[in-house]
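Asks: This is the structure, below, for whatever I ask next.
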Amino acid sequence: MIIKDIDKGKDFDWGKTSKDYAKYRDIYPQEFYDYILNLGLCKDGQKVLDIGTGTGVLPRNMYKYGATWVGTDIAENQIEQAKALTNEVGMDIEFFASKAEDVSFPDRTFDVITACQCIWYLNHEVTAPQFAKMLKPGGHFLILYMGWLPYEDDIAGKSEEIILKYNPVWNAYGDTVHPVWVPDQYIEYFNLLSQKEFRVDIPFTRESWHGRMRACRGVGASMS
């Protein structure tokens, strides 16, 4: 599905880069998953809804910890990849294509709702009350983000320069270590219990970094 309200109106479609996304963006380190588990989330029979699931990276990698997962994404091609990757290894995960704002389940269905690498795409006026209703009493809404650091890594910095040369309206550049953004609308419905930032080293080969760049919003999703 084409999205036009990011990057100064330049449209992009994650479906254009689904194959690269499936191959090159399953890169979260174990520390990332351990942090989630140490919060007591996404495990041991909990029911979890993953918004903006993409190719199902989060549900697929955390499936072994015992939660029941549902993943949704706006891009049908992403969901097709998620289903294919899940079926290859025999995981029982439900995936379906939908805008986050249109996802509807009965009240008090989920223990956890996750939004990984996607919070800035949502209409928070709609999703904040919607997520609160779908969560059980004591449920949690978990916002997750991981980015490269162009001011600390020369290759990341040069890669951004190349993207901006050909796609100057792309705005996901110049990242630093910072608190994950929590839109104000969620504070009305949720209590902020924990917020943490940390660095991790993630190894790339020349091929895998090239693939990661192709699967970037500023490249494969908008320039292919």
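The values are calculated or read from the model by the stated rules, or taken from the named source; none is laboratory data. None of these values were measured; they are calculated from a predicted model. Cβ coordinates were reconstructed from backbone atoms using ideal geometry, including for glycine residues, and neighbour counts include every protein chain displayed.
Asks: Would you call ARG217 surrounded by 15 or more Cβ atoms within 10 Å (Cβ to Cβ), charged (D, E, K, R) and in a loop (DSSP other than H, G, I, E, B)?
Replies: yes
Asks: If ALA128 satisfies all but one of (1) closer than 21 Å to ILE51 by Cβ; (2) without any contact (Cβ under 8 Å) to a residue 40 or more places away in the chain; (3) small (Gly, Ala, Ser); (4) not in a loop (DSSP other than H, G, I, E, B), what's the number of the condition it fails?
Replies: The failed condition is (2).
Asks: Do the conditions hold for ALA132, that is, is it closer than 25 Å to ASN61 by Cβ, in contact with a Phe, Trp or Tyr (Cβ under 6 Å, 6 or more places away or on another chain) and surrounded by 15 or more Cβ atoms within 10 Å (Cβ to Cβ)?
Replies: No: the conditions fail for ALA132.
Asks: Then there is this: For the subset of the range 178-187 comprising residues that are modelled with pLDDT of 95 or more and not polar (S, T, N, Q), which member is surrounded by the most Cβ atoms within 10 Å (Cβ to Cβ)?
Replies: Filtering first and then ranking leaves TYR186.
Asks: Among the residues of the range 87-141, what is the count of those that are in contact with a Lys or Arg (Cβ under 6 Å, 6 or more places away or on another chain) and either charged (D, E, K, R) or over 23 Å from GLY15 (Cα atoms) (or both)?
Replies: Selection size over the range 87-141: 5.
Asks: Quickly run through the range 181-222 and pick out the residues that are touching an Asp or Glu at 6+ places or on another chain (Cβ under 9 Å) and within 20 Å of PRO129 (Cα to Cα).
Replies: GLN185
Matching residues to (1) of a type outside the set (D, E, K, R); (2) farther than 30 Å from GLU207 by Cβ; (3) in a loop (DSSP other than H, G, I, E, B); (4) without any contact (Cβ under 8 Å) to a residue 60 or more places away in the chain:
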position	(1), (2), (3), (4)
GLU31	no, no, no, no
ASP44	no, yes, yes, yes
THR55	yes, no, yes, yes
MET62	yes, no, no, yes
GLY71	yes, no, no, yes
ASN87	yes, no, no, yes
MET91	yes, no, yes, yes
SER104	yes, yes, yes, yes
THR114	yes, no, no, no
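Asks: Evaluate the range 193-207: report whether one residue or more is closer than 26 Å to LEU49 by Cα, in a helix (DSSP H, G or I) and modelled with pLDDT of 95 or more.
Replies: no
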